[in-house]
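Single-structure report; data block below.
Throughout, read-outs are computed from the coordinates displayed, never taken from laboratory work. Because the structure is a prediction, the values reported are computed rather than measured. For neighbour counting, all protein chains shown are included, and Cβ atoms are generated from backbone atoms with ideal geometry for every residue, glycine included.
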Amino acid sequence: MRLSVTMGAMMKRMMLGVILMVFSLSACGSADGDRQSPETPAPSLPPATASPTDTAPPKLESLIIAPGGVGPLEVGMTTAEALATNVVNKPIPVADDPCEPRALDWLDSYDDALDVWTSQSGKIVSIGVFKPGPRTVEGIGIGSTLAEVSDAYENAEMLEAGFDQTGVFVTDGDRWLGFLFDAKLDDISRTSTVHFMEVSGQEKPSLIRSGC
């Protein structure tokens, strides 16, 4: 009778051990599965890149006139250098245009207030100003009087400019600035006003423009 009880107790302990072992293996497998299946990382967005922005050209009234230059445009610049200033472009040829095509034109936003002439080699040789807006650092522009020009440039030279007009010229080394007055040299007065300006290099401005 004692042997039967003992054998029964041993069987119970063996069954309990098997159950515990199965449970332990199951728990380990679950833990290993958790370690082997990490969470899928969220997709990362590409870094934001700043979109390029065009630099707005300066306004007409902010352009400074000086011997040899108007705003960022200067005599002696090549066509490529001029285009990089963002104030001029290459004009589109017009069919049956009697005028010789120009290499450069000021942007349309400047409303035909200026022109630019280039040599056969493609370098800027002259820049003209026709309308109010651009001024020298002394405040001289289209519409300024001879008195104002004379006060601003005491060493300016006054000469006959052709077509019964008068020119006043200012130099800075080999760079020129000319003011045109619609009055004869003998008739000009201190109240006469500037109606055209031209900057050039090497040679004195002609202060003459053709109809083109």
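Given the C-alpha centroids of region 142-171 and region 118-137, what is the distance between them in whole angstrom?
17
Pull up the cross-link candidates among the lysines for LYS184, meaning alpha carbon to alpha carbon under 29 Å and not fewer than 8 places away within one chain.
In chain and number order, the partners are LYS131, LYS204.
Could you order peptides 167-177, 64-74, 108-118 by the average number of other Cβ atoms within 10 Å of their residues, highest first?
Averaged packing, sorted descending, gives the order 64-74, 167-177, 108-118.
Excluding residues fewer than 8 places away in the same chain, name every one of the lysines whose C-alpha is closer than 21 Å to that of LYS90.
Candidates past the 8-residue exclusion: LYS59, LYS123.
Can you compute log10 of I(q)/I(0) for region 63-201 with the Debye formula, treating each Cα as one identical point scatterer, at q = 0.12, 0.13, 0.18, 0.20 Å⁻¹?
Cα-only, vacuum Debye calculation for region 63-201: -0.49, -0.57, -1.01, -1.17.
Cut-off 20 Å, label point 7 angstrom out along Cα-to-Cβ of THR55: give me the residues of region 99-115 whose amide nitrogen falls inside.
105-110
Using Cα pairs under 8 angstrom and six or more residues apart, how large is the relative contact order of region 63-201, in percent?
Taking the mean separation of contacting Cα pairs over the length of region 63-201, I get 25 percent.
Exactly which GluC sites (Glu not before Pro) in region 142-210 are in a DSSP loop and have at most 15 other Cβ atoms within 10 Å?
Loop-located and lightly packed - GLU154, GLU203.
What ranking do PHE181, PHE196 get, fewest neighbouring Cβ atoms within 10 angstrom at the top?
Result, fewest neighbours first: PHE196, PHE181.
Could you work out how far apart the two model spin labels at GLU203 and ASP186 are, taking each label as a point 7 Å from the Cα in the direction of the beta carbon, and quote it in nm?
That separation, rounded to one decimal, is 2.9 nm.
Out of ALA156, LEU146, SER109, whose Cα points farthest toward the positive end of the dipole of region 63-201 (charges: +1 Lys, Arg; -1 Asp, Glu; placed on Cβ)?
SER109
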